[in-house]
Amino acid sequence: MIDMDMRRVGFRGRLRGALRRGQTPRHSPRYHRRTAVCLLLLALLGTATTATASTAAATTTTRAAPVGAPADLAAARWGDRRLDEVSFLTTHNAFTNYEDSRWSSVNQSESVRAQLEGGVRGLSLDTHWYERSTWLCVISFGSDCYPSDVYLCHGDCKTFAGATYALPRQSFHGTMQTVVDFLAAHPQEIVTVFLEDYVGADQLGGSLGRVRGLSDLVFRPDEWGVRHRGWPKAADLVTSGKRLLIFSDRSDREHLGVMYDRSWTVSNYWSLGDLGNDTSCVSRWPDVPLDRQEPGFRRLFTMSHHRNVPTVLTAALDNGAKLRNRIAEQCRTAAGGRAPNFVSVDFHRLSDSSGHTPASIVAELNSGS
């Protein structure tokens, strides 16, 4: 565009220069004909420039046009269902995967970001405090020189590299930034994070405070009167922007926007056993039965479906017909006839040959089947 304008300016200058040189007398008919031709060419160039600018402006205006109202999109995506009437695919130990770090044993095969892109909407994470170790920095030849912070570990953060922690170390705030960035890029989605929490409230708060954009997304049930009015519609969460729910197994961090799971959810015992044959659906907490009833409020139901030790083979055996039948025959009945809100599995993409996958089973629950 700039080069074309420069050429036009130069051409106009040459035209004007030819006129000023006066090689043809001003009273000559040839002079008047030449002047008319030059003026016509200048007018045509000016028209072309104006037309080009107008086209560019029109294109810019078209690109800036809104694509739709968020409330309309939210209603189309979620309908009138309350949060406790929606089911979400959830990954157990989402952080132990082959892509985010070098784990020797994993529960998932994809990175946290890939899990979210693949339809996962619930993530379980284990938070631990790691104190910087000069010794580990030295013996690792500089590959383990991380500052003190909250990290995602599966046990002590210094014991066995690849087993209880992995390199590169996965900071909690870095993983939460991945979640927030995903939500920013997908404004119609809701994500829930479950914390198995081994850090202090101040340590957790310090880590969460470094996640850009998190405070604008966190859902706080007290601000919505959930205890007395029940959970809001999923579409209302989307239009309000409060699309991130965080639960912890610690009770002293509600001021951070982190809900205490035993106050807001019911949950079954997490393990299918070593052989995967314990398909009963009993409460994880004896004092909080799965069918607990409270006036004006219904807890969210988290259903775990995985074994003590994760493997690709056992996940494939467990994640198809067995999962679907367990929900229908065991867990729905134990929870008073309701479907689980969160279905937590290992290796969420794997299944048996039944044609049912964790994702398709969750979709079936959301369709009301």
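The values are calculated or read from the model by the stated rules, or taken from the named source; none is laboratory data. Since the model is a prediction, treat every value here as computed from it, not as a measurement. As a convention, Cβ positions derive from the backbone with ideal geometry for all residues, glycine included, and neighbour counts pool all protein chains shown. For accessibility, only protein heavy atoms count, side chains too; no ligands or nucleic acids. Shrake-Rupley method; radii C 1.70, N 1.55, O 1.52, S 1.80 Å.
Tell me whether region 194-214 contains one or more residues that are touching a helix residue (DSSP H, G or I) at 6+ places or on another chain (Cβ under 6 Å), surrounded by fewer than 20 Cβ atoms within 10 Å (Cβ to Cβ) and on the phi > 0 side of the Ramachandran plot. Yes, region 194-214 contains at least one residue that is touching a helix residue (DSSP H, G or I) at 6+ places or on another chain (Cβ under 6 Å), surrounded by fewer than 20 Cβ atoms within 10 Å (Cβ to Cβ) and on the phi > 0 side of the Ramachandran plot. The residues listed here are 179, 226; of these, the one that is surrounded by 19 or more Cβ atoms within 10 Å (Cβ to Cβ), more than 25 Å from residue 106 (Cα to Cα) and either among the polar types (S, T, N, Q) or at pLDDT 95 or above (or both) is 226.
If you go through region 83-96 one residue at a time, do you hit one that is surrounded by 12 or more Cβ atoms within 10 Å (Cβ to Cβ), more than 30 Å from residue 235 (Cβ to Cβ), at pLDDT below 95 and hydroxyl-bearing (Ser, Thr, Tyr)? Checking region 83-96: not a single residue is surrounded by 12 or more Cβ atoms within 10 Å (Cβ to Cβ), more than 30 Å from residue 235 (Cβ to Cβ), at pLDDT below 95 and hydroxyl-bearing (Ser, Thr, Tyr). I'd like to check something: does region 269-277 contain any residue that is out of contact with any helix residue (DSSP H, G or I) (no Cβ under 6 Å at 6 or more places or on another chain), open to solvent by 70 Å² or more (accessible area, probe 1.4 Å) and modelled with pLDDT of 95 or more? Yes, some residue in region 269-277 is out of contact with any helix residue (DSSP H, G or I) (no Cβ under 6 Å at 6 or more places or on another chain), open to solvent by 70 Å² or more (accessible area, probe 1.4 Å) and modelled with pLDDT of 95 or more. Criterion applied to 343, 266, 362, 288 was being over 20 Å from residue 106 (Cβ atoms), assigned to a strand (DSSP E or B) and open to solvent by less than 30 Å² (accessible area, probe 1.4 Å), and the one residue passing it is 266.
Meeting the requirement of 2 or more residues that are touching a helix residue (DSSP H, G or I) at 6+ places or on another chain (Cβ under 7 Å) and under 30 Å from residue 339 (Cα atoms), the strands (runs of 3 or more DSSP E) wholly within region 87-181 are 88-91, 122-130. Of all residues in region 104-117, those that are over 17 Å from residue 153 (Cα atoms) have Cβ atoms under 9 Å from Cβ atoms of residues that are aromatic (Phe, Trp, Tyr) and in a helix (DSSP H, G or I), 6 or more apart or on another chain, in 113/182; 116/182; 117/182. Residues in region 237-270 that are among the small types (Gly, Ala, Ser) and under 18 Å from residue 211 (Cα atoms): 241, 248, 257. Candidates 89, 83: the one that is aliphatic (A, V, I, L, M) and touching a Gly at 6+ places or on another chain (Cβ under 8 Å) is 89.
The numbered conditions (1) without any contact (Cβ under 8 Å) to a residue 60 or more places away in the chain; (2) at positive phi; (3) small (Gly, Ala, Ser) are all true for residue 296 except (1). Name the single residue, out of those in region 111-142 being modelled with pLDDT of 95 or more, under 17 Å from residue 170 (Cβ atoms) and hydroxyl-bearing (Ser, Thr, Tyr), that is surrounded by the fewest Cβ atoms within 10 Å (Cβ to Cβ). That would be 133.
Of the listed requirements (1) farther than 24 Å from residue 296 by Cα; (2) assigned to a loop (DSSP other than H, G, I, E, B); (3) open to solvent by less than 20 Å² (accessible area, probe 1.4 Å), residue 231 misses just one: (1).
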